[in-house]
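Below is one structure; the comments refer to it alone.
The values are calculated or read from the model by the stated rules, or taken from the named source; none is laboratory data. Quick caveat: nothing in here was measured; it's all calculated off a predicted structure. As a convention, Cβ positions derive from the backbone with ideal geometry for all residues, glycine included, and neighbour counts pool all protein chains shown.
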Amino acid sequence: MRREGLAVLIILVSLLAMTLVGVAVVSPIGAQSPDAAADRVVSVEATGGASAVPDRAAVRVRAVAEGDDPGAVRDELAAETDTLRSNFERLGLSEDDYGTDEYRVRSPRVPPRESENVPAFRGVHGFEVTLEDPDRVGAVVDAAADADVEVDTIEFTLSDAVRTDLREEAIANAMSDARAQADAIARNGDLHVTSAASVDATQRNVSPVRYEAAAMATPTPESADTSVETGDVAVEYAVEVTYNATA
């Protein structure tokens with residue numbers, strides 16, 4: 001019985017050895033991936049961009065008052081801002097849509113020789129209005145003008161969701177340009193690009209459409225409502241990519 005068991009064991013070991021030999025024969029000897037064979041690198045810099053119509057806006061306005069009595073300056077600011085709030089309420093804006101971003105009453109700093117015609121106190125009460133509908137910017141500008149409040153800046157920008165989509169599109173465009181550059185360089189150097197070895201994509205720019213007060217056009221008498229062109233908001237991404245390459 002022991003001899004029969006030993007014979008069966010020898011047969012099993014022999015079959016296992018034959019199986020291992022068969023595997024070794026099927027596998028190509030000395031095979032390696034393109035990346036393992038790469039012995040060169042190609043480094044490039046590229047920039048990709050994307051743009052979209054803005055879906056958010058911010059309008060900064062400020063009431064300004066001047067005088068020799070700080071109390072009178074504060075009262076004038078309060079009157080102007082009360083009118084402004086009433087105008088905003090008529091537009092359907094709530095206090096969640098706007099808030100104070102600046103308030104001060106102080107003596108202006110001017111050189112002594114220019115101080116004769118400068119009031120003793122100057123007060124500013126600034127608000128920032130955020131809008132989910134950029135088409136309402138003109139109405140906010142008119143509401144400020146009706147309250148004798150200055151419009152400081154208008155900025156058209158993007159919601160987080162749209163900005164994320166544009167960022168991904170900009171990155172894809174940057175990486176596509178980087179690969180095209182690397183392939184062109186490799187062809188001219190008798191090389192073949194295999195894959196990306198490292199990517200640095202730390203530089204990102206978002207360029208909102210911004211209007212300063214001095215650049216805003218004054219509404220004409222023929223037009224009762226102010227209209228502001230939105231333009232497109234641009235997102236830009238820069239990448240530095242190093243590719244593996246082989247001769």
Taking the range 79-95 and the residues there that are in contact (Cβ under 8 Å) with a residue 12 or more places away in the chain and among the charged types (D, E, K, R), the one that is farthest from Asp146 (Cα to Cα) would be Arg90
Glu168 vs (1) part of a helix (DSSP H, G or I); (2) touching a residue at least 40 places away in the same chain (Cβ under 8 Å); (3) of a type in the set (Asp, Glu): all pass except (2)
Practice prompt. Answer with yes or no whether Thr226 is buried (at least 17 other Cβ atoms within 10 Å of the Cβ), part of a loop (DSSP other than H, G, I, E, B) and either in contact with a helix residue (DSSP H, G or I) (Cβ under 8 Å, 6 or more places away or on another chain) or modelled with pLDDT of 95 or more (or both).
Written response: yes
Residue count, the range 119-165, condition assigned to a loop (DSSP other than H, G, I, E, B), surrounded by 16 or more Cβ atoms within 10 Å (Cβ to Cβ) and out of contact with any Ser or Thr (no Cβ under 7 Å at 6 or more places or on another chain), comes to 2
When the range 59-97 is checked residue by residue, the ones that are surrounded by fewer than 20 Cβ atoms within 10 Å (Cβ to Cβ) and in a strand (DSSP E or B) are Arg60, Val64, Glu66, Gly67
